[in-house]
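Worksheet: the structure to be examined is printed underneath.
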């Protein structure tokens, strides 16, 4: 890869065009494919792009690694338009495999690395991929599959030093599917959400415009930002951080292994991290780490957080612990179905506005459906990032006018979006969405269970925990531990209930016969107070 001028123009000018049959705000000047973004990063040759432990790859090294991995996957039979599942924890190989698949014009299917083997099997059956690129094959039940490519196999390809022949960008339409990302949904197990090239590019262009890092505006000597990534790459937040770092000439620092507050602090100190995009739970754990004050965190300038509204108390704790952050404790609000971030706010935006998550991003339109007397209703969004639907489901994501229902409740006040709760039946545990129905369906398969309701119970560390109210059959003798073991056999660890209420009385229902979960939650809270 050689230093070049920008091969195309990115811009801030916005126009209106028809996207999927409805009028939509779009950037007039924009890249037309995800693979084109890697080409735009060629101007940063010589700089360090990615760090994982003792391994460091420059932008040149990374581009060459992507080319080698693309040739390797091609030799394994991957072709343009093929669906390929990427199922692994964060690593340099994950990044190289993702961009290699885009370079081949394949559809990258981002699976949740925390899934149980049963959920993995369901995902494979749904998507019918041409190949599965994964780590820990035996643990995931993939050992011996002819279409399984061990991520460890790619490490030697990534670490090689030969320079591959340049590849021609695949010819794709910007409304073709680029990524399938699994979302917890609300009615059952995860569904593959279809993301177009147009949508993925529009989302990252929104974020770059927000942060003043639009590629065409950056001079060759622009100082890149060192970003620490502790959220999964198979989530939108991980994709966004890796993309923006790549395009702005920054350095992406990967946390090795499971989340550990001490490891985070060591990386902030040793790599001089400036931006740590995270979720409130992770930030809280670092703030409570007993040896926090023994680390030099003076390089830290920004901690944008997603996954939940940020409490004033947490913002104050961050500012006391990391003086360099000052007013950069920002908030991001979005959804997988909407294809990315919808609103963002700085600390000034959030100050004095409880539940505020900021203002809509440039090409995002927001409105409130069926507002009550206080202006609170379901938040709808119209944006070019909107997904194309779900794999195997003909139902569109949007209504006939292009509006996506987020499932969150809120109001708009002086242009700011204020969250009030959610209408969809999920638990947000440490930033990970858990569909209550999926957990309920699993527990209902236990022979001792008559009915069950899964609830989001407030939790000081996780934000919310998965709580289950279970009605047992008359005379059944089953323990919480046995139900937990039953759930663990089919669910990912993050989905297994951590709090239980076993009872004999039927669950309360509303006039339509549905379980009255709000009433149950109030009963649980009262029960906790008196126990």
Can you work out which of the residues in segment 335-356 that are modelled with pLDDT of 80 or more and touching a helix residue (DSSP H, G or I) at 6+ places or on another chain (Cβ under 7 Å) is surrounded by the fewest Cβ atoms within 10 Å (Cβ to Cβ)?
336
Pick out the one residue from 194, 267, 233 that is outside any helix (DSSP H, G or I), farther than 16 Å from residue 36 by Cβ, in contact with a strand residue (DSSP E or B) (Cβ under 6 Å, 6 or more places away or on another chain) and modelled with pLDDT of 90 or more.
194
Can you confirm whether segment 456-474 contains a residue that is loosely packed, with under 14 Cβ neighbours inside 10 Å, out of contact with any helix residue (DSSP H, G or I) (no Cβ under 6 Å at 6 or more places or on another chain) and in a strand (DSSP E or B)?
yes
Test set (1) surrounded by 18 or more Cβ atoms within 10 Å (Cβ to Cβ); (2) out of contact with any strand residue (DSSP E or B) (no Cβ under 8 Å at 6 or more places or on another chain) - residue 414 fails condition number:
(1)
Between a residue in segment 248-259 that is on the phi < 0 side of the Ramachandran plot and at pLDDT below 90 and any residue that is crowded, with 22+ Cβ neighbours inside 10 Å and assigned to a loop (DSSP other than H, G, I, E, B), which pairs come within a Cβ distance under 7 Å, given they are 6 or more apart or on different chains?
259/230
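Of the residues 130, 96, 100, which is out of contact with any strand residue (DSSP E or B) (no Cβ under 8 Å at 6 or more places or on another chain), in contact (Cβ under 8 Å) with a residue 40 or more places away in the chain and closer than 23 Å to residue 171 by Cβ? Working first, answer last.
Working: 130 fails: out of contact with any strand residue (DSSP E or B) (no Cβ under 8 Å at 6 or more places or on another chain); 100 fails: in contact (Cβ under 8 Å) with a residue 40 or more places away in the chain.
Result: 96 is the single residue among 130, 96, 100 that is out of contact with any strand residue (DSSP E or B) (no Cβ under 8 Å at 6 or more places or on another chain), in contact (Cβ under 8 Å) with a residue 40 or more places away in the chain and closer than 23 Å to residue 171 by Cβ.
Answer yes or no: is there a residue in segment 202-215 that is touching a residue at least 12 places away in the same chain (Cβ under 8 Å) and assigned to a strand (DSSP E or B).
Going through segment 202-215, the residues touching a residue at least 12 places away in the same chain (Cβ under 8 Å) turn out to be 202-211, 213-215.
Narrowing further to those that are assigned to a strand (DSSP E or B): none.
No, segment 202-215 contains no residue that is touching a residue at least 12 places away in the same chain (Cβ under 8 Å) and assigned to a strand (DSSP E or B).
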Just to be sure, is residue 483 in contact (Cβ under 8 Å) with a residue 60 or more places away in the chain, surrounded by 22 or more Cβ atoms within 10 Å (Cβ to Cβ) and closer than 23 Å to residue 516 by Cβ?
no
Are any residues in segment 16-49 in contact with a helix residue (DSSP H, G or I) (Cβ under 6 Å, 6 or more places away or on another chain), more than 24 Å from residue 177 (Cβ to Cβ) and not in a loop (DSSP other than H, G, I, E, B), and if so, which ones?
44, 49
Since residue 86 meets every condition but one in (1) over 21 Å from the mean Cα position of the chain (by Cα); (2) closer than 26 Å to residue 139 by Cα; (3) touching a residue at least 60 places away in the same chain (Cβ under 8 Å); (4) surrounded by 14 or more Cβ atoms within 10 Å (Cβ to Cβ), which condition does it not meet?
(1)
Reported set for segment 493-507 where residues are at pLDDT 90 or above and either touching a helix residue (DSSP H, G or I) at 6+ places or on another chain (Cβ under 9 Å) or part of a loop (DSSP other than H, G, I, E, B) (or both) is 495, 496, 497, 498, 499, 500, 501, 502
Exactly one condition in (1) exposed (fewer than 14 other Cβ atoms within 10 Å of the Cβ); (2) modelled with pLDDT under 95; (3) part of a loop (DSSP other than H, G, I, E, B) is false for residue 141; which is it?
(1)
Please enumerate the residues belonging to segment 385-409 that are part of a loop (DSSP other than H, G, I, E, B) and more than 27 Å from residue 123 (Cβ to Cβ).
399, 400, 401, 402, 403
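Take the residues in segment 32-43 that are more than 23 Å from the chain's Cα centre (by Cα) and more than 19 Å from residue 161 (Cα to Cα), then tell me which one is surrounded by the fewest Cβ atoms within 10 Å (Cβ to Cβ).
Kept after step one, since they are more than 23 Å from the chain's Cα centre (by Cα), are these residues of segment 32-43: 39-40, 42-43.
Filter once more, keeping what is more than 19 Å from residue 161 (Cα to Cα): 39-40, 43.
Details: 39: 20, 40: 18, 43: 21.
Checked segment 32-43; the qualifying residue surrounded by the fewest Cβ atoms within 10 Å (Cβ to Cβ) is 40.
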Are any of the residues in segment 419-427 crowded, with 20+ Cβ neighbours inside 10 Å and either free of Cβ contacts under 8 Å to residues at least 24 places away in the same chain or farther than 29 Å from residue 498 by Cα (or both)?
no
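Which one of these is in contact with a strand residue (DSSP E or B) (Cβ under 9 Å, 6 or more places away or on another chain), touching a residue at least 40 places away in the same chain (Cβ under 8 Å) and surrounded by fewer than 21 Cβ atoms within 10 Å (Cβ to Cβ): 272, 285?
Numbers: 285 fails: in contact with a strand residue (DSSP E or B) (Cβ under 9 Å, 6 or more places away or on another chain).
Answer to the selection: 272.
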Condition (residue is in a helix (DSSP H, G or I) and either at pLDDT 95 or above or at positive phi (or both)) applied to segment 294-303: is it met by at least one residue?
yes
Which one of 419, 388, 443, 366 is closer than 19 Å to residue 237 by Cβ and modelled with pLDDT of 85 or more?
419
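Quick one: in segment 69-83, of everything that is part of a loop (DSSP other than H, G, I, E, B) and in contact with a strand residue (DSSP E or B) (Cβ under 9 Å, 6 or more places away or on another chain), which residue is surrounded by the most Cβ atoms within 10 Å (Cβ to Cβ)? Steps first, answer last, please.
Filtering segment 69-83 down to residues part of a loop (DSSP other than H, G, I, E, B) leaves 76-82.
Next, from what is left, pick out any that are in contact with a strand residue (DSSP E or B) (Cβ under 9 Å, 6 or more places away or on another chain): 76-78, 81-82.
Values: 76: 14, 77: 11, 78: 24, 81: 14, 82: 17.
Residue satisfying both the conditions and the ranking: 78.
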In this structure, is residue 124 part of a helix (DSSP H, G or I) and either free of Cβ contacts under 8 Å to residues at least 60 places away in the same chain or under 18 Å from the mean Cα position of the chain (by Cα) (or both)?
yes
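Table: residues versus (1) under 18 Å from residue 241 (Cα atoms); (2) at pLDDT 95 or above.
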site: 25; (1), (2): no, yes
site: 41; (1), (2): yes, no
site: 52; (1), (2): yes, yes
site: 56; (1), (2): yes, yes
site: 61; (1), (2): no, yes
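From the list 437, 381, 373, which residue is free of Cβ contacts under 8 Å to residues at least 12 places away in the same chain and either surrounded by fewer than 17 Cβ atoms within 10 Å (Cβ to Cβ) or closer than 23 Å to residue 338 by Cα (or both)?
Working: 437 fails: free of Cβ contacts under 8 Å to residues at least 12 places away in the same chain; 381 fails: free of Cβ contacts under 8 Å to residues at least 12 places away in the same chain.
Going through 437, 381, 373 in turn, just one is free of Cβ contacts under 8 Å to residues at least 12 places away in the same chain and either surrounded by fewer than 17 Cβ atoms within 10 Å (Cβ to Cβ) or closer than 23 Å to residue 338 by Cα (or both): 373.
The values are calculated or read from the model by the stated rules, or taken from the named source; none is laboratory data. Worth saying up front: this structure is predicted, and the values here are computed from it rather than measured. A quick note on method: Cβ atoms are made from the backbone with ideal geometry, for glycine too, and the neighbour counts reach across all protein chains shown.
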